[in-house]
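Worksheet: the structure to be examined is printed underneath.
The values are calculated or read from the model by the stated rules, or taken from the named source; none is laboratory data. Computed from a predicted model, the values in this text were never measured in an experiment. Every residue, glycine as well, gets a Cβ built from its backbone with ideal geometry; the counts of neighbours run over all protein chains shown. Protein only, heavy atoms only, side chains kept; ligands, DNA and RNA dropped before computing areas. Shrake-Rupley method; radii C 1.70, N 1.55, O 1.52, S 1.80 Å.
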Amino acid sequence: WFLAWMGLEINTMAIIPLMAQQHHPRATEAATKYFLTQATAAAMILFASTTNAWITGDWNIPQTSHPAATSLLTLALALKIGLAPMHFWLPEVLQGLNLTTGLILSTWQKLAPFILIYQIAPNTNPTILTSMGILSTLIGGWGGLNQTQLRKILAYSSIAHLGWMITILHFMPALTLLNLTIYIIMTSTMFLSLKSLSATKINSLAITWPKTPILTVMTMLSLLSLGGLPPLTGFMPKWLILQELTKQNLPILATIMAMSALLSLFFYLR
Amino acid sequence: MTSVHFSFSSAFTLGLMGLAFHRTHLLSALLCLEGMMLSLFIALSLWALQLQTIMFSAAPMLLLAFSACEASAGLALLVATARTHGTDHLQNLNLLQC
């Protein structure tokens, strides 16, 4: 666990200068908020693993077995990736960064905590995981409805996607990894196309069609894919996840998640 | 739960509460973070003693080194915030609201 913690700390410290590179007050403020949340989460991770070591005498990651320790670990890792109810830092931090740094934040930074979550998944309390997952999809959908800033929209979409991934973690972890991979690819596409358009608000997206119509079409397609419509790749993980949920006799859960996907789709289409 | 365990758990929890509910100054958040790291350092050192092994003895020193790096990064950010925002009052960190 100790090496995992060190890796997470190095990750945080490496990202901070990248975020604060632009000497704009917004960037500095975003970097500060990000640093505080990530440092808190890393300290909580170490505390949970130390508690587990005191109680069970075990320091290996897959054998964290004490329930209090795993609950605290789940909360701390959720804080690290921006999962509800600990998501409040994500839209503001993403808003303060330029698009490339925001890309790194949304994709690369999610990999390390996800690997840890994946490894401790068999020992965790499934109620916490699934309730955080549903809450994330709902908050990701509702929170993005009134946004005009593109980076905040992408932040709420990230929250919703992470909610989908966490929900299926207990039942079939392979789907979580598949969803994560597809999400990384789609979000990278979105960020890169927004960067080449230099667009940060919905209004600037609306005037791009005379300049580069092909890129505008690509952006629209990738947005629809993020929303999860059938002919595009984004539908595949959602379909598989819903299928898995219905196999486990949880139709109510599946319905709630499908409804919240509709909410996200609405603000993508704007 | 032994008394040692309880003591560093309560130290960590107090620091965490202080970090979560800091009200005016950013510096108090950084101090709470350092307090949490310190309680973890004590916990790791005493755990190595508890197990009577010498295997994990380097871990507390590494933790100390990393927490020092974190503190310095936090202080650098505090200085940057003071340069751009004027003070480190938390009410001034509101440029990114919806």
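For A:GLN21 paired with A:ALA68, estimate the spin-label separation in nm (one decimal), with each label point 7 Å from Cα along the Cα-to-Cβ line.
Modelled inter-label distance: 4.4 nm.
In whole Hz and in residue order, list the ³J(HN,Hα) couplings for the stretch A:112-123 that follow from phi through the Karplus curve 6.51 cos²θ - 1.76 cosθ + 1.60, θ = phi - 60°; x for Gly and Pro.
Running phi through 6.51 cos²θ - 1.76 cosθ + 1.60 with θ = phi - 60° gives 5, x, 5, 4, 5, 4, 4, 6, 9, 4, x, 9 Hz.
For the stretch A:73-78, in order, what is each residue's ³J(HN,Hα) by Karplus, 6.51 cos²θ - 1.76 cosθ + 1.60 with θ = phi - 60°, in whole Hz (x at glycine and Pro)?
5, 4, 4, 5, 5, 5
Along the stretch B:13-21, what does the Karplus equation 6.51 cos²θ - 1.76 cosθ + 1.60 (θ = phi - 60°) give for ³J(HN,Hα), rounded to whole Hz, x for Gly and Pro?
5, 4, x, 5, 5, x, 5, 6, 10
When you look at the Cβ of every residue in A:31-39, what mean number of other chain Cβ atoms sits within 10 Å?
6
Specify the inter-centroid distance of the stretch B:1-57 and the stretch A:115-189, based on alpha-carbon positions, in whole Å.
30
With a 1.4 Å probe, how much accessible area is buried between chains A and B, both sides summed, in Å² to the nearest hundred?
3500
Using a Förster distance of 51 angstrom, determine the FRET efficiency expected from the C-beta separation of A:ALA14 and A:PHE171, and round it to 0.05.
The formula returns an efficiency of 0.90 here.
Quick one: which of B:37-50, B:4-17 comes out on top by average Cβ neighbours within 10 Å, and what's the full order, highest first?
B:37-50, B:4-17
Mind ranking B:CYS69, B:CYS32 by accessible surface for me, highest first, 1.4 Å probe?
My answer, sorted largest first, is B:CYS69, B:CYS32.
What translational D, rounded to a whole number of µm²/s, comes out for the stretch B:1-89 from Stokes-Einstein when the hydrodynamic radius is the Kirkwood one over Cα pairs, at 25 °C and 0.890 mPa s?
170
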